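The next block holds one structure in the form of structure tokens; read it before the comments.
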Amino acid sequence: MGIFSSTPSNVLVQPRNTPGAPSTAWAVLTGSTTGIGRDIAHELCSRGFNVVIHGRNEGRLEELAKTLQADHGVRVVTLLLDASTAFNPESYSQTRAAVAELESLNVRVLVNNVGTGHAPEGFKPFDRQTAQDVSTVLNVNVAFMTHLTHALLPALKKSAGGPKDPSFVVNAGSLADMGLPYAAVYAGTKGYMRAFSLALDTELHAEGAHVHVVASIIGDTDSDGHHVGVNLFTPSSRDMARMVVQSAAASGGGVVLPYRLHSLQEWMCALQPYWMLRAGMGMHMKALVEKYAKTK
Ligand SMILES: NC(=O)c1ccc[n+]([C@@H]2O[C@H](COP(=O)([O-])OP(=O)(O)OC[C@H]3O[C@@H](n4cnc5c(N)ncnc54)[C@H](OP(=O)(O)O)[C@@H]3O)[C@@H](O)[C@H]2O)c1
């Protein structure tokens, strides 16, 4: 528990209004059908949250909804949207209308988890990515989370319980934001996510709004979309999900690294002069890309 227990009224610690009574608190979670997102859904439900789970695959969403209800006895709503197109000009109004239906819920937490472009088998030199690859990563990782946060911020502000019981926006960032080669667009979107989170958190604080924005910087994690195996530096998606929620709960907003050994990796990179980091990262990623190319 640690620092976490020093903020007992924080919604991420205890969402139930009255002990024993069903919770009225809702969390909206994107990209929740597999990987870290699915495990964050379980983590939040185990803490008593009702959840809005988002995905693009109706079958997977329905199946997860049933499992969450059966395992945790919470209420679950599904939000079916393809994040790569949902906020395009043609679908914008329809998507805003779908999101507006969530505003009547007591939305206390938004987790912008959906992300693409991080599967090692998809890493490629920038000029070998198609225009479609580039647009998909920009739309899913940047446009979707920005517009969704824009749409839900009024509800998050309204439901916030005061300085000791803020609402939360938790954004799934990545250590790739240091400038991961062969994943330049992905790295750039995660850099955006870090800056966006910090800017919005600072702005909301200045405005006296009780909404904390957290950039949760995730390093290598074994997940459905990133099968790399669990080891000391690579936790399972289940463990990462628990650490994401715990570290957000303990934070007062800003940037957090949920896993200590990922902080160590970031620190070791920051200590190196740029020429050394560039040579090391370039060599490592080039070898990885060549290895995956041979398996095709
Ligand atoms: N795993 C890592 O090592 C790692 C490291 C750093 C940061 N992160 C970040 O953590 C987050 C989760 O990663 P993960 O490894 O758990 O990912 P994942 O296993 O690939 O899961 C991604 C989720 O997003 C959904 N999704 C993808 N594209 C979508 C779209 N166009 N519309 C709607 N839903 C879509 C997927 O749904 P489908 O089931 O339909 O595909 C899935 O539920 C991402 O933001 C990622 O960038 C991960």
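The values are calculated or read from the model by the stated rules, or taken from the named source; none is laboratory data. Small disclaimer: the values here were computed from a predicted structure and weren't measured. Virtual Cβ from ideal backbone geometry, glycine too; neighbours counted across all protein chains shown.
In region 258-287, what count of residues is obtained for those that are farther than 15 Å from F233 by Cβ and surrounded by 15 or more Cβ atoms within 10 Å (Cβ to Cβ)?
Matching residues across region 258-287 total 3.
Among the residues that make up region 186-206, is at least one of them over 14 Å from the mean Cα position of the chain (by Cα), within 12 Å of the ligand (Cβ to nearest atom) and at pLDDT below 95?
Checked against the condition, which is being over 14 Å from the mean Cα position of the chain (by Cα), within 12 Å of the ligand (Cβ to nearest atom) and at pLDDT below 95, region 186-206 yields no hits at all.
Taking only pairs six or more apart or across chains, which ones have beta-carbon atoms under 7 Å, a first residue in region 88-100 that is assigned to a loop (DSSP other than H, G, I, E, B), and a second residue that is not charged (D, E, K, R)?
Every condition considered, the pairs that remain are S91/T85.
Look at V74 and say whether it is among the hydrophobic types (A, V, I, L, M, F, W, C) and more than 23 Å from I217 (Cα to Cα).
Against the criterion (among the hydrophobic types (A, V, I, L, M, F, W, C) and more than 23 Å from I217 (Cα to Cα)), V74 qualifies.
Can you tell me which of S84, S32, S23 is hydroxyl-bearing (S, T, Y), at pLDDT below 95, crowded, with 18+ Cβ neighbours inside 10 Å and not in a helix (DSSP H, G or I)?
Going through S84, S32, S23 in turn, the sole match is S23.
State which residue is nearest to G191 (Cα to Cα) when the search covers only region 101-129 and only residues that are among the aliphatic types (A, V, I, L, M) and in a strand (DSSP E or B).
Going through the qualifying residues, I end up with V111.
Can you pull out every residue in region 221-248 that is in contact (Cβ under 8 Å) with a residue 24 or more places away in the chain and touching a Ser or Thr at 6+ places or on another chain (Cβ under 7 Å)?
Listed by number, the residues that qualify are T221, S223, D224, G225, V228, P235, S237, M240, V244, S247, A248.
From the list R75, R56, pick out the single residue that is surrounded by 15 or more Cβ atoms within 10 Å (Cβ to Cβ) and either over 26 Å from A143 (Cα atoms) or more than 13 Å from the ligand (Cβ to nearest atom) (or both).
Matching residue, one of R75, R56: R75.
So G225 passes all but one of these: (1) modelled with pLDDT of 95 or more; (2) within 22 Å of P120 (Cβ to Cβ). Which condition number does it fail?
For G225, the exception is condition (1).
Using the structure shown, decide if M268 is within 14 Å of the ligand (Cβ to nearest atom) and of a type outside the set (K, R).
no
Within region 258-265, identify whether any single residue is within 12 Å of the ligand (Cβ to nearest atom), touching a residue at least 24 places away in the same chain (Cβ under 8 Å), in a helix (DSSP H, G or I) and more than 18 Å from the chain's Cα centre (by Cα), and answer yes or no.
Checked region 258-265: at least one residue is within 12 Å of the ligand (Cβ to nearest atom), touching a residue at least 24 places away in the same chain (Cβ under 8 Å), in a helix (DSSP H, G or I) and more than 18 Å from the chain's Cα centre (by Cα).
Scan region 104-118 and report the pairs whose first residue is farther than 28 Å from H226 by Cβ and whose second residue is part of a helix (DSSP H, G or I) and more than 6 Å from the ligand (Cβ to nearest atom), with Cβ atoms within less than 7 Å and a gap of 6+ or a chain change.
Final answer for the pair search is N106/S159; V107/L152; V107/A155; V107/L156; V107/S159; R108/S159.
Please go through region 89-141 and pick out each residue that is away from the ligand (no atom under 12 Å from the Cβ) and in contact with a strand residue (DSSP E or B) (Cβ under 9 Å, 6 or more places away or on another chain).
Once the filter is applied, which keeps residues that are away from the ligand (no atom under 12 Å from the Cβ) and in contact with a strand residue (DSSP E or B) (Cβ under 9 Å, 6 or more places away or on another chain), region 89-141 yields A98, V99, E101, L102, L105, N106, V107, R108, V109, L110.
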